[in-house]
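Take a look at the structure below.
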Amino acid sequence: MTRKDVIDTEVRTPAENARGFLVTLCASFTILMVVCMALGTVFADEESKRGIMYCWSLLGACVCTAALQFVFFTPVVIKRMVYPLRLFLFGICLYAVLAVLAVTMGWFPTDMAGAWASFTVSYLVALAVVTAAYAAKHRREERALNEKLNEYRRDNG
């Protein structure tokens, strides 16, 4: 008798197993870090709290990034918008969030123009790299789907 509610890891692909491992790793690390940061916020000395607050600000940046991705890259909030405009608005909003965090959390000396220039260039380079990676992934998936569709049409045409 085969149970449908049991996940058989032997029939999962290596990629699925790797993805499951990475999700578990990321989730457990995040939970552990949040617990440690909370305990550190309560019990650490004042000198250590600066680093802990820096960690909280990074978690806040990650949460805001995920929320902005949800808003701009899913059809839940914005139903129809061309991708370049989505990307542009996402980029501006994320930059604003990161700039506010940079100022309030003292990520770098904000009174120096060179620091702002470095921050902005680093942000734009990271955004360009991530955008290029997602575009390449999308092209690969689109190519694979088109191949499958052509194969289906050829077999059932």
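The values are calculated or read from the model by the stated rules, or taken from the named source; none is laboratory data. Note that the coordinates shown come from a computational prediction; the quantities given were computed from them, not determined experimentally. Because the Cβ atoms are built from the backbone with ideal geometry, glycine has one as well, and the counts that use them run over all protein chains shown. Only protein heavy atoms, including side chains, enter the accessible area calculation; ligands, DNA and RNA are left aside. Shrake-Rupley method; radii C 1.70, N 1.55, O 1.52, S 1.80 Å.
If you count only protein heavy atoms and use a 1.4 Å probe, how large is the accessible surface of Glu16, to the nearest 10 Å²?
Looks like 70 Å² after rounding.
Of Pro84, Cys36, Val103, which is farthest along the charge dipole of the chain in the positive direction, counting Lys and Arg as +1 and Asp and Glu as -1 at C-beta?
So the residue we want is Pro84.
Does the chain come out rounded, prolate or oblate, given a ≥ b ≥ c as the square roots of the eigenvalues of its C-alpha gyration tensor, rounded meaning a/c under 1.5 and, failing that, prolate meaning a/b above b/c?
On the way: a/c = 2.92, a/b = 1.44, b/c = 2.03.
Because a/c hits 1.5 or more and a/b fails to exceed b/c, the chain counts as oblate.
Keeping all protein chains in the complex and leaving out DNA, RNA and ligands, what accessible area do you get for Lys137 with a 1.4 Å probe, in Å² to the nearest 10?
Spelled out: Lys137, probe radius 1.4 Å, area about 90 Å².
Report, in order of residue number, the helices in the chain meeting two criteria: a C-alpha extent of 18 Å or more along the helix axis, and a mean Kyte-Doolittle hydropathy of at least 1.6; treat each whole DSSP H run as one helix.
Flagged H segments are 83-105.
Quick one: accessible surface of Ile78, probe radius 1.4 Å, all protein chains present, in square angstrom to the nearest 10.
30 Å²
Assigning unit charges at the beta carbon (Lys, Arg +1; Asp, Glu -1) and nothing else, what dipole magnitude in debye, to the nearest 20, does the range 44-156 show about its Cα centre?
Dipole of the range 44-156, to the nearest 20 debye: 680 debye.
For the chain, what is the calculated [θ] at 222 nm in deg cm²/dmol (nearest 500), taking -39500 (n - 2.57) for each run of four or more DSSP H residues and dividing by its residue count?
My calculation for the chain gives -29000 deg cm²/dmol from helical runs alone.
Considering only protein heavy atoms, what per residue accessible area in square angstrom results for the chain with a 1.4 angstrom probe? Walk me through the intermediate numbers first.
Values: 12070 Å² over 157 residues.
It amounts to 77 Å² per residue over the chain.
Just to make sure I understand: if all protein chains stay in place, what is the order of Thr24, Thr13 by accessible area at 1.4 Å, largest first?
Descending order: Thr24, Thr13.
State, as an integer percentage, the relative contact order of the chain based on alpha-carbon contacts under 8 Å between residues 6 or more apart.
13 percent
In the chain, what is the count of Lys pairs whose alpha carbons are under 29 Å apart, counting only pairs at least 8 residues apart or on separate chains?
Taking the Cα cut-off of 29 Å, the pair count is 4.
Quick one: pull the percent of accessible area on the chain belonging to carbon and sulfur, 1.4 Å probe, ligands and nucleic acids left out.
Of all accessible area on the chain, carbon and sulfur atoms account for 69 percent.
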